[in-house]
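Right, one structure below, let's go through it.
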Amino acid sequence: MSDAKYLRLGELLIKEGLISASQLEKAISLQRQEGGRLGEILVKLGIVKEDQLVPALGKQLGVPFFSLGTGMLKPMVEQGLDHLIPQEFALKNSVLPLSRTLNSLTVAMSDPLDLILIDNLRKLTGCEINRVIATKTDISKATEEFYGKSAMLRDAVEASYELTATERASLSEESIDQELSLDKLIARAEEAPVVKLVDLVIRQAIEERASDIHIEPFKDKISLRYRIDGKLYEIPPPAKHLHLPIISRIKILAKLDIAEKRLPQDGAILVKIGERPIDIRVSSIPTIYGEKIVLRILDRSQVVLDLKQLGFDAKQLEQLRRGINAPYGLVFLTGPTGSGKTTTLYAILSEIKDSTKNIVTIEDPVEYKLEGINQVQVKPEIGLTFASALRSFLRQDPDVMLVGEVRDLETAQICIRSALTGHLVLSTLHTNDAPSAVNRLMDIGIEPFMLAPSLLVVVAQRLLRKLCPNCKEAYEPTSEQRNSSKLTAELIYRPKGCDKCNHSGYKGRVCVSEVMMVNSQIQELINQRAPFQKVREVAKQTGMQSLSESALKKVEIGITSLEEALSVTLGAE
């Protein structure tokens with residue numbers, strides 16, 4: 001192998017047993033007559049196949065060989081590579097950008113000896129070119145797939161506005177009576193353009209790491225929005241006349257009743273992108289202009305179920321682990337909807353589960369299926385509520401119980417009794433901060449003498465958008481910013497925007513939290529029914545880091561911006 005790169009291509013192909021000496025002589029003879037590269041002539045004569053020649057050429061040149069079959073010929077979707085090398089240039093020159101690291105761009109080429117092309121790539125991208133070799137066929141297929149996705153959705157949306165005279169007449173009849181017949185709804189939902197459009201909307205949302213898709217009808221238009229890193233972004237919507245067929249198509253996929261438009265409905269779709277299983281929860285509600293649908297995308301491959309990677313600092317992690325590794329007691333996570341409570345709960349379960357523990361959960365809904373854990377879905381219509389499931393759990397010999405949410409006194413009472421009788425109970429509440437959870441539980445009717453000995457730890461959390469590492473820029477905060485936020489860092493960072501982050505300046509999210517350990521002092525305050533301000537004061541004196549302090553730490557180490565930290569944690573204390 002070590003001397004392979006110094007061999008001529010013909011000699012290497014003979015050594016690899018791909019051609020004979022006489023075949024090589026025949027090809028060289030034709031090359032003298034017609035010119036061109038030896039490899040291309042060998043393929044043209046049918047002596048060797050392209051997928052045999054290119055790996056051998058890679059060996060000769062010492063250039064890595066990539067192919068579609070190995071999955072390596074796949075560009076990094078989130079790096080804005082389609083803007084760096086335009087589609088037209090890629091197709092014309094049989095090149096494909098794969099990834100970018102600082103000033104180095106890895107490009108797949110069918111002809112890595114083309115120095116003029118390499119120089120053009122260097123000028124076009126402003127990067128040093130790191131060559132890999134692939135067959136023309138594979139590059140062509142990968143290029144079509146990579147550049148086609150975003151363009152396909154745009155083309156499908158644009159095509160939805162182009163109607164024939166017959167279609168316009170048909171739509172004018174339908175506008176008189178929006179309640180189409182069931183047969184007609186199903187027929188239109190199954191039409192190729194509608195099927196393709198729905199598929200592309202979902203695929204692009206997954207590619208752009210969206211957590212939700214909103215499809216909303218208004219008087220003269222449809223609104224299509226993606227929620228990415230907690231913020232909603234407008235996407236060019238399809239034509240208004242496709243609203244009913246799109247909604248019907250999604251309902252068919254989610255196994256909902258497409259004839260029912262007056263009541264809210266919930267369903268689910270399971271899709272596979274390559275080998276990635278993705279769950280999509282579907283929710284519809286009736287509005288004055290028709291049904292609105294929201295699709296919640298649950299991409300298991302993107303979920304981090306590791307406490308160390310969620311954003312807790314070392315001290316907070318130590319406090320939380322002390323609570324979740326206790327043999328019994330109550331652990332609460334608090335925060336508004338969409339603050340990552342469920343992900344943290346699942347990360348806790350992933351950390352503490354082992355074959356010696358019986359873990360059961362009751363959830364509404366079950367968001368992610370966890371191996372080795374018994375998960376139960378709430379079904380109020382048949383009497384399966386949090387409270388009724390918890391009563392049954394106690395007869396199932398559990399060690400750990402997870403309750404999706406404490407919504408009423410009965411559920412809270414069973415959780416606390418379970419914690420007092422030797423079980424570890426994990427659950428969530430909707431409060432602004434950790435100390436408020438104590439008063440919330442007493443407000444719904446829990447007696448202090450039961451709450452004080454059962455409560456172990458309360459975690460309040462929020463999600464902050466992380467600055468894009470590719471384009472964030474450093475600056476010196478003003479004296480006013482330093483004084484109001486108590487900043488100590490010389491430099492902090494702010495968003496700028498680039499192709500890799502869709503020009504938002506942010507990419508991904510991180511958890512900020514406050515972890516309140518319930519010590520003897522806080523137990524005494526609970527017994528006294530002390531106001532939450534007093535509980536907060538004592539918790540901070542005994543080592544609790546507040547949400548705003550946690551967020552400012554993320555600002556000082558360059559993970560997020562000051563504006564993002566203030567917007568998310570303002571009013572949380």
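When each of Lys315, Lys353 is tested for being among the charged types (D, E, K, R) and either over 20 Å from Val425 (Cβ atoms) or buried (at least 21 other Cβ atoms within 10 Å of the Cβ) (or both), the lone residue that passes is Lys315.
The number of residues in region 446-462 being in contact with a Ser or Thr (Cβ under 6 Å, 6 or more places away or on another chain) and among the aliphatic types (A, V, I, L, M) comes to 2.
Tell me, yes or no, whether region 505-513 has at least one residue that is surrounded by fewer than 18 Cβ atoms within 10 Å (Cβ to Cβ) and either more than 24 Å from Thr343 (Cβ to Cβ) or hydroxyl-bearing (Ser, Thr, Tyr) (or both). Within region 505-513 (the criterion being surrounded by fewer than 18 Cβ atoms within 10 Å (Cβ to Cβ) and either more than 24 Å from Thr343 (Cβ to Cβ) or hydroxyl-bearing (Ser, Thr, Tyr) (or both)), the answer is no, since none of the residues qualifies. Scanning region 48-67 for residues that are farther than 22 Å from Asn130 by Cβ, touching a residue at least 12 places away in the same chain (Cβ under 8 Å) and open to solvent by 30 Å² or more (accessible area, probe 1.4 Å) yields a count of 3. When the test is whether a residue is out of contact with any strand residue (DSSP E or B) (no Cβ under 9 Å at 6 or more places or on another chain), without any contact (Cβ under 8 Å) to a residue 60 or more places away in the chain, open to solvent by 10 Å² or more (accessible area, probe 1.4 Å) and in a helix (DSSP H, G or I), Met442 does not pass it. In region 148-252, counting only helices (runs of 4 or more DSSP H) that sit wholly within it, the ones holding 3 or more residues that are at pLDDT below 70, more than 26 Å from Ile85 (Cα to Cα) and in contact with a helix residue (DSSP H, G or I) (Cβ under 7 Å, 6 or more places away or on another chain) span 182-189. A count restricted to region 85-124 and to residues that are under 30 Å from the mean Cα position of the chain (by Cα) and hydroxyl-bearing (Ser, Thr, Tyr) stands at 4.
For region 17-26, which positions are surrounded by 16 or more Cβ atoms within 10 Å (Cβ to Cβ) and modelled with pLDDT under 80? Passing the criteria: Leu18, Ile19.
In summary, helices (runs of 4 or more DSSP H) completely within region 1-115 and bearing 2 or more residues that are more than 30 Å from Tyr506 (Cα to Cα) and in contact with a strand residue (DSSP E or B) (Cβ under 9 Å, 6 or more places away or on another chain) occur at 50-61. The set of residues from region 263-274 being of a type outside the set (Val, Ile, Thr) and either part of a strand (DSSP E or B) or open to solvent by less than 30 Å² (accessible area, probe 1.4 Å) (or both) comprises Gln265, Asp266, Gly267, Ala268, Leu270, Lys272. So, Met401, is that one aliphatic (A, V, I, L, M) and either open to solvent by 20 Å² or more (accessible area, probe 1.4 Å) or free of Cβ contacts under 8 Å to residues at least 12 places away in the same chain (or both) or not? Here the answer is no, as Met401 does not meet what is asked.
Among the residues of region 428-467, those that are of a type in the set (D, E, K, R) and more than 21 Å from Lys540 (Cα to Cα) comprise Asp443, Glu447, Arg465, Lys466. Pro277 passes every criterion in (1) open to solvent by 20 Å² or more (accessible area, probe 1.4 Å); (2) modelled with pLDDT of 90 or more apart from (2). When we screen Phe66, Phe89 for residues that are within 29 Å of His503 (Cα to Cα) and not acidic (Asp, Glu), the only hit is Phe89. Within the option set Ala539, Ala530, being within 27 Å of Lys315 (Cα to Cα), in a loop (DSSP other than H, G, I, E, B) and modelled with pLDDT of 90 or more holds for one residue only, Ala530.
If the condition is being open to solvent by 20 Å² or more (accessible area, probe 1.4 Å) and touching a strand residue (DSSP E or B) at 6+ places or on another chain (Cβ under 9 Å), then region 127-139 contributes Glu128, Ile129, Asn130, Arg131, Asp138.
When region 445-488 is filtered for residues that are of a type in the set (A, V, I, L, M), in a helix (DSSP H, G or I) and touching a residue at least 60 places away in the same chain (Cβ under 8 Å), the ones remaining, listed by number, are Leu451, Ala452. Set side by side, the residues Val54, Val63 differ, and just one is in contact with a helix residue (DSSP H, G or I) (Cβ under 9 Å, 6 or more places away or on another chain) and at pLDDT 80 or above, which is Val63. Residues satisfying the criterion are absent from region 505-518 (criterion: assigned to a loop (DSSP other than H, G, I, E, B) and out of contact with any Leu (no Cβ under 7 Å at 6 or more places or on another chain)). Scanning region 363-383 for residues that are over 18 Å from Gly267 (Cβ atoms), at pLDDT below 90 and out of contact with any Lys or Arg (no Cβ under 7 Å at 6 or more places or on another chain) yields Leu370, Glu371, Gly383.
The values are calculated or read from the model by the stated rules, or taken from the named source; none is laboratory data. In this text the structure is predicted, and so the values were computed from the model without any measurement. Reconstructed Cβ throughout: ideal geometry from the backbone, glycine too, with neighbour counts over all protein chains shown. Side chains are part of the model used for accessible areas, which takes the heavy atoms of the whole protein and leaves out ligands, DNA and RNA. Shrake-Rupley method; radii C 1.70, N 1.55, O 1.52, S 1.80 Å.
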